[in-house]
Amino acid sequence: MSERPNSAAALDIASHLHPYTNARQHESVGPTVLTEGKGVYVYDEDGKEYIEGLAGLWCTALGFGEERLIRAATDQMRKLPYYHGFAHKVAQPTIELAAKLLEIAPVPMSKAFFANSGSEANDTVVKLVWYYNNALGRPEKKKIISRIKAYHGVTVATASLTGLPNNHRDFDLPIKNILHTSCPHYYRYGEPGENEEDFATRCAAELEQMILDEGPETVAAFIGEPLMGAGGVIVPPRTYWDRIQEVLRKYDVLLVADEVICGFGRTGNLFGSQTFDIKPDIMVMAKALSSAYLPISAVLISDPIYQAIADNSAKIGLFGHGYTYTGHPVPAAVALEAIKMYEERDIVARVRQLSPRLQDGLRRFADNPVVGEVRGVGLIAGVELVADRASKAPFEPAGRVGGYFAERAQAHGLIIRNLMDVIAVCPPLVISEEEIDSLLERFGKALEDTASWVEHEGLASVA
Ligand SMILES: Cc1ncc(COP(=O)(O)O)c(C=O)c1O
């Protein structure tokens with residue numbers, strides 16, 4: 001691709017295996033090299049400006065170039081650049097962050113455990129759930145139920161929780177004891193004549209049947225994103241979480257809320273659990289926790305879980321889990337500052353105020369011939385592209401049209417992500433009204449290009 005053999009692009013192709021990328025295609029397409037960021041904008045090596053319409057990977061909530069976060073990191077680096085939490089040691093910011101997370105948690109939580117990514121946090125959850133049930137003398141209660149289209153990470157255990165084919169295929173996953181129940185996407189899975197509430201009730205009935213088929217004594221936990229992100233920005237029906245929680249309570253199954261995307265204001269409340277009235281036993285946070293300036297994630301556990309773990313660690317002599325960087329003081333200091341900024345700027349009120357501008361703006365594209373559904377809450381949305389609006393027929397092969405849209409958006413100065421053929425929008429929460437308008441304008445241009453291309457290539461299915 002590049003005529004410049006010593007360019008960053010050429011070096012990248014020669015030396016770097018990219019995550020979530022078609023490696024062979026990358027050899028010819030090459031990278032977009034980003035060099036700077038300010039607010040909601042990032043700039044590539046040629047100086048081209050883009051609106052970061054997905055806040056990176058749903059994470060840079062406070063935008064780019066935020067001096068307060070930079071200062072929090074550098075101050076802590078000067079003071080104590082590293083310490084760990086093993087064998088009763090700890091650094092000051094880590095203590096403060098654990099206490100702060102318990103203070104802002106929407107349900108009473110007992111302790112916070114830290115890791116470096118959403119995957120590691122969810123991996124920790126799997127181990128905690130197993131350890132907890134062993135501690136309670138229930139060694140057979142180990143199965144964890146996730147959902148089709150869920151996203152919980154890519155480690156061996158969390159890729160297993162993830163309910164997307166490309167995360168299992170050729171990796172020999174999922175591992176045993178992980179199950180996937182129905183995805184709460186009414187547009188895709190609702191049956192003719194079924195309203196949203198009936199559909200939610202059916203999802204819960206299917207979960208209950210799975211628990212009964214497996215044997216409730218073998219089912220330990222259910223994990224869910226309050227609103228599903230990487231599976232296609234799927235907003236569950238209003239009654240979905242109530243029905244699901246009734247089933248979980250009936251069979252003594254723990255509820256894990258994966259707040260990795262929803263946490264810290266994204267859905268118009270501090271946590272997605274508040275937006276959807278979820279009362280979790282375990283909460284998982286990452287991404288916006290530090291506005292993604294440094295890697296850090298957290299697992300919050302309820303008191304009954306903590307008590308069982310504490311007793312068991314006393315019995316064994318050790319809670320044998322933790323990473324070199326668990327509770328690293330530098331990302332902890334950044335996370336504390338980020339949370340302070342969310343509070344000072346009343347980020348929740350801001351999201352609520354800006355939400356209609358983005359959501360209504362995107363819904364204006366709902367009549368476009370390639371748009372099947374526009375959905376979202378707060379400052380997160382998905383636009384599903386379809387080959388036929390009446391039958392909801394998807395494009396074949398999946399992801400080709402979405403990929404074209406993403407390319408056109410980038411050409412128009414907007415970085416978003418296509419989740420196959422769903423276009424995800426999730427800008428930094430600091431975006432202004434004018435910047436939302438500009439995002440929508442660039443989105444509209446990409447959509448026009450895509451609709452013309454679909455027509456030209458004859459990709460729309462003829463009903
Ligand atoms: C809901 C959710 N959980 C977990 C993860 C995994 O986080 P990470 O990529 O930091 O491992 C993600 C990543 O997008 C996510 O969206």
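Please treat every number below as a calculation from the coordinates, not as lab data. If you're wondering where the values come from, they're calculated on a predicted model, not measured in any experiment. So basically every Cβ, Gly included, is an ideal-geometry build from the backbone, and we count neighbours across all protein chains shown.
Things to note:
Quick grid of which residues meet (1) under 23 Å from ALA288 (Cβ atoms); (2) in contact (Cβ under 8 Å) with a residue 40 or more places away in the chain; (3) out of contact with any His (no Cβ under 6 Å at 6 or more places or on another chain):
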site	(1), (2), (3)
ARG363	no, no, yes
GLU373	no, yes, yes
ILE380	yes, yes, yes
VAL386	no, no, yes
ALA409	yes, yes, yes
ASN418	yes, no, yes
ALA424	yes, yes, yes
GLU435	yes, yes, yes
SER438	yes, yes, yes
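- Candidates LEU289, LEU379, LEU354, LEU385 - the one that is among the aliphatic types (A, V, I, L, M) and closer than 30 Å to GLN92 by Cβ: LEU289
- Subset of the range 241-287 [assigned to a helix (DSSP H, G or I) and among the acidic types (Asp, Glu)]: ASP242, GLU246
- Top-ranked residue of the range 151-168 - restricted to ones that are not hydrophobic (A, V, I, L, M, F, W, C) and not in a helix (DSSP H, G or I), ranked as farthest from the ligand (Cβ to nearest atom): GLY163
Yes/no matrix, rows are residues, columns are (1) farther than 24 Å from GLY444 by Cβ; (2) hydroxyl-bearing (Ser, Thr, Tyr):
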site	(1), (2)
ALA9	yes, no
VAL42	no, no
TYR50	no, yes
ALA61	yes, no
ILE70	yes, no
PRO81	yes, no
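- Residue within the range 199-220 that is assigned to a loop (DSSP other than H, G, I, E, B), more than 23 Å from GLY382 (Cα to Cα) and not aromatic (Phe, Trp, Tyr) present: yes
- Verdict on PHE171 being touching a helix residue (DSSP H, G or I) at 6+ places or on another chain (Cβ under 7 Å), touching a residue at least 12 places away in the same chain (Cβ under 8 Å) and assigned to a helix (DSSP H, G or I): no
- Residues located in the range 351-379, provided they are in a loop (DSSP other than H, G, I, E, B) and at positive phi: GLY378
- Matching residues, the range 325-350, being touching a Ser or Thr at 6+ places or on another chain (Cβ under 7 Å) and part of a helix (DSSP H, G or I): PRO329, PRO331, ALA332, VAL334, ALA335, ALA338
- Hits in the range 1-41 (condition: within 28 Å of the chain's Cα centre (by Cα) and part of a loop (DSSP other than H, G, I, E, B)): HIS16, LEU17, HIS18, PRO19, TYR20, THR21, ASN22, GLY30, PRO31, THR32, VAL33, VAL40
- Among residues of the range 222-251 being out of contact with any Pro (no Cβ under 9 Å at 6 or more places or on another chain) and within 16 Å of the ligand (Cβ to nearest atom), the one that is farthest from PRO280 (Cα to Cα) is GLY232.
- Restricting the range 301-324 to residues that are assigned to a loop (DSSP other than H, G, I, E, B) and out of contact with any Asp or Glu (no Cβ under 6 Å at 6 or more places or on another chain), the residue that is farthest from the ligand (Cβ to nearest atom): GLY317
- Of residues in the range 347-378 being more than 22 Å from the chain's Cα centre (by Cα) and among the charged types (D, E, K, R), the one surrounded by the fewest Cβ atoms within 10 Å (Cβ to Cβ): ASP367
- HIS180 vs. criteria farther than 29 Å from ASN116 by Cα, in contact (Cβ under 8 Å) with a residue 12 or more places away in the chain and within 16 Å of the ligand (Cβ to nearest atom): no
- Residues in the range 390-416 that are among the charged types (D, E, K, R) and under 23 Å from PRO427 (Cβ atoms): GLU407, ARG408.
- For the range 440-463, the set of residues classified as surrounded by fewer than 13 Cβ atoms within 10 Å (Cβ to Cβ) and part of a loop (DSSP other than H, G, I, E, B) consists of GLY458, VAL462, ALA463, listed by residue number.
- Answer residue from the range 399-439, given it is among the aliphatic types (A, V, I, L, M) and assigned to a helix (DSSP H, G or I) and is farthest from ILE347 (Cα to Cα) among those: VAL401
- Some residue of the range 168-175 being under 17 Å from the mean Cα position of the chain (by Cα), under 29 Å from LEU294 (Cα atoms) and surrounded by fewer than 23 Cβ atoms within 10 Å (Cβ to Cβ): no
- When the helices (runs of 4 or more DSSP H) confined to the range 42-150 are screened for residues that are away from the ligand (no atom under 16 Å from the Cβ), surrounded by fewer than 22 Cβ atoms within 10 Å (Cβ to Cβ) and among the hydrophobic types (A, V, I, L, M, F, W, C), those reaching at least 1 such residues are found at 67-79, 92-104, 118-135.
- Enumeration of residues in the range 274-300 that are closer than 12 Å to PHE114 by Cβ and away from the ligand (no atom under 14 Å from the Cβ): LEU300
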